[in-house]
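Here is the structure we will look at.
The values are calculated or read from the model by the stated rules, or taken from the named source; none is laboratory data. Fair warning: this is a prediction, and the values are worked out from it, not measured in the lab. Heads up, the Cβs are rebuilt from the backbone with ideal geometry, glycines too, and the neighbour counts pull from every protein chain shown.
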Amino acid sequence: MQRWWHRANRLIVGLGFALLIGACQVSSSHQAERAQDQTRELRVVTSGGFAAAYTLLSPEFEAQTGVRLVTAYGSSSGGAPDSIPMRLERSEPFDVIILSKPSLNNLTELGYLRPESRRDLVRSSIGMAVREGAAVPDISTPEAFQAVLLEAASIGYSASASGTYLSTDLFPRLGIWGALEPKSTRILSERVASVVARGDVEIGFQQISEILPIEGAHYVGPIPAAYQRVTTFSTGITKGARNVSDAQRLIEFLSSIEVAPRVAETGLSPVVLEQGP
């Protein structure tokens, strides 16, 4: 009887070890699967200038590759808490960033990006918006443009690349910043056209691609060529990227000739179209 009990006890202990090992193997397998799933995820942050094109194209990239895009948005500069430079300064984790080229170059110099990964995506021009239903002013000539600025009750401009150019370069150069500054608002963490659509400002300026998607705002047109500032929006891979191979795939996709016509529909000029056959 005692011998039988010892044999049964050894059998129970052995079975317990087998179950424990099996459970550990299943757990390890699940952990490996979760780790694999995480590597098929890309963390992206884009500024508003390329946001409409990115939103249009990202589902196609996900469908083609099986890579899930986890996306955040922020301005290229301007100091807002959700701007891309501030996010990186706080060590928010991203694999790919998309923003104005001067800001991207600055972030590269600060050590946030892999220099060899940088790629120019599009050129973007500054446009003007008024509220839907409001009178549409003529800004087709430099003289008409200046008259509209001086007559406007209020003006909104971006805290990023386009607004910085207008408020620190163009308007002072025209000699009218003294008249415009008291009625002008620098818009942080929001599309200027959204502020125009609410009626908070009469006219607003931002990248054309950031005006077009906003309901309730009417796109008047680009500012005159003599005053225009074309901004290049570029992309790159961060030095802390966890998924470099898929990050490179995304950059190749966004800059490809195949998607260029759809990018152009959002008010941008794809760089790839400048290269010719």
Flagged in the range 233-246 as over 18 Å from Gly74 (Cβ atoms) and either out of contact with any Pro (no Cβ under 9 Å at 6 or more places or on another chain) or part of a strand (DSSP E or B) (or both), in numbering order, are Lys239, Asn243, Val244, Ser245, Asp246
Give Glu181, Glu116 a once-over and let me know the one that is of a type outside the set (Lys, Arg), in the same structural domain as Pro261 (by TED's automatic domain parsing), assigned to a helix (DSSP H, G or I) and farther than 20 Å from Ser83 by Cα.
-> Glu116
Checking Pro261 against (1) of a type outside the set (D, E, K, R); (2) part of a loop (DSSP other than H, G, I, E, B); (3) surrounded by fewer than 22 Cβ atoms within 10 Å (Cβ to Cβ), the condition it does not meet | (2)
Selection count where residues are buried (at least 17 other Cβ atoms within 10 Å of the Cβ), free of Cβ contacts under 8 Å to residues at least 60 places away in the same chain and closer than 22 Å to Pro81 by Cβ, scope the range 162-178 | 1
In contact with a helix residue (DSSP H, G or I) (Cβ under 9 Å, 6 or more places away or on another chain), touching a residue at least 12 places away in the same chain (Cβ under 8 Å), over 30 Å from Thr55 (Cα atoms) and polar (S, T, N, Q), is that true of Gln207?
-> no
Go through (1) in the same structural domain as Ser75 (by TED's automatic domain parsing); (2) out of contact with any Pro (no Cβ under 8 Å at 6 or more places or on another chain) one by one and return the number of the condition Ala260 breaks.
-> (2)
Restricted to the range 264-277, and to residues that are farther than 22 Å from Tyr219 by Cα and not in a helix (DSSP H, G or I), which residue is farthest from the chain's Cα centre (by Cα)?
-> Pro277
Condition met for Ala241 (touching a Phe, Trp or Tyr at 6+ places or on another chain (Cβ under 9 Å), in contact (Cβ under 8 Å) with a residue 12 or more places away in the chain, at negative phi and among the aliphatic types (A, V, I, L, M)) = yes
Please find, within the range 205-218, the residue that is farthest from the chain's Cα centre (by Cα) out of those that are under 17 Å from Val230 (Cα atoms) and in a strand (DSSP E or B).
-> Phe205
